[in-house]
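Data first, discussion second: the structure below is written as structure tokens.
The values are calculated or read from the model by the stated rules, or taken from the named source; none is laboratory data. What you see is a predicted model, and the numbers here were worked out from it, not measured in a lab. Here the Cβ is made from the backbone with ideal geometry for all residues, glycine too, and neighbour counts use every protein chain on show. Please note that ligands, DNA and RNA were not included when accessible areas were found on the heavy atoms of the full protein model with its side chains. Shrake-Rupley method; radii C 1.70, N 1.55, O 1.52, S 1.80 Å.
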Amino acid sequence: MPGPLLPALPSGPPPGTLPVPLPGAPSGPPRGLSAGAPSGPPRGLSAGAPSGPSAGLPSGVPPGLSSGWGAGGLSGLSPGPLLHVAGPDGPWEQVHDRLAGQGHALVHTTWGQWLAAALLDPGLRSLLGRDWPRYRQTATPAGRLRFAVSRMVLKHTAAAALQVPADALDLAYRPGGRPHLRGLAEAEVSLAHTDELIVVGISRSGPIGVDAEPVTRRPSFELLHPYVCTPDEAAELAALGEDERALRLLHLWTLKEAYTKALGHGMRRRFSAVGFRRDEQGRTVLAGEPDGAARWILATHLLHGRYLVSSARRPPREIETASRPAPYPLEETGLPPAATLGWQLPGSSGAQPT
């Protein structure tokens, strides 16, 4: 019999992944720069700092939850950890090998590790290409650097995977904000960043979407469930304790953000129109898809014990075509514009590229 609608959640981070600083992660913006980000959590979220006996775990990962996390992600989902690349010099061989062998690769790094490269690269304008005007128009120095670094990571990842020069790639954006490499239909890319973390996904089998959120985010179930959950998902979450409900809602958010980014819709698609369930093997699949015939591979990883990183991609046997209809109708969110742009979780791109 199929399991519950939502995947099992961890009783804590996998062994050896208690919260530690990410490699090269800065403690704040470079000297003389302001963060350029709104202070405090977004509306409907609380900071959720750990305290008490569970202070050694990330906030929002309560003790006593059922286990289900493997070393590379949720039990039963796509294997293989994210690849860490510390800077433009790599190592990149594993990225090319992963794309060649598995048809996709997920890369993570921090903006701090790439900061010096962004500051000192004399060819930054050529590398950014059509993104150069947006880089120059970004209001704060820290915002400009974060923007530059995220595009550098994306282009270097794609260049390593495809074995072409990074500055030869032309990064553009489709309607809805999904980035794509002009003239390279055989490869699709996606980008997510939150706090100091940057994640890039690249796939040869069609669209890919990635999203990342800190496990310390505490989304308000009462505020967000009409916009994020299907009725079945909302009913299952409502029956849970507060901490587990918040973490599962955050997990749903990252999955739906990754899926809608892969479709190129972002937050223009009403998240509550997209449902997930678990198949007989315990894998997360789209509601309505028959077992064994999933058109999307959905996976979530717990990275460094601090971040949920979700991805959505086509199986290797399927190639996205422009004429393929979306499995769900595009709907308005029902939120006022300010809420649509403002309450989304930090690091989420919505309908615009991040």
**Request:** Please work out the C-alpha center-to-center distance from segment 200-273 to segment 89-165 and express it in whole Å.
**Result:** 26 Å
**Message:** Can you work out the Karplus-derived ³J(HN,Hα) for every residue in segment 276-284? Use 6.51 cos²θ - 1.76 cosθ + 1.60 with θ = phi - 60°, whole Hz, and x for glycine or proline.
**Reply:** 10, 8, 9, 7, 5, 8, x, 7, 7
**Request:** Give, in nm to one decimal, the length gained when the segment between ARG295 and ALA235 is fully stretched (0.36 nm per residue of separation minus the Cα-Cα distance).
**Result:** 19.0 nm
**Request:** Can you send over the carbon and sulfur percentage of the accessible area for segment 132-250, probe radius 1.4 Å, protein chains only?
**Result:** 50 percent
**Asked** Based on the Cα atoms of segment 234-296, what semi-axes does the equivalent ellipsoid have, where each is the square root of 5 times one gyration tensor eigenvalue, given in whole Å with the largest first?
**Response** 20, 17, 9
**Request:** Could you rank the peptides 123-136, 151-164, 178-191 by their average count of other C-beta atoms within 10 Å per residue, with the highest value first?
**Result:** 151-164, 178-191, 123-136
**Request:** Report the calculated FRET efficiency for TYR227 and ARG134 (r = Cβ-Cβ distance, R0 = 22 Å), to the nearest 0.05.
**Result:** 0.20
**Most to least packed among 227-234, 206-213 [average Cβ atoms within 10 Å]** = 206-213, 227-234
**Message:** What's the whole-number percent of alpha carbon pairs in segment 142-227 lying beyond 15 angstrom?
**Reply:** 64 percent
**Asked** Taking H as built 1.01 Å from N, whose amide H comes closer than 5 Å to the amide H of GLY206, not counting residues under 5 places away?
**Response** GLU188, GLU320
**Neighbour net charge for ILE208 - beta-carbon separation under 9 angstrom, K R +1, D E -1** = +2
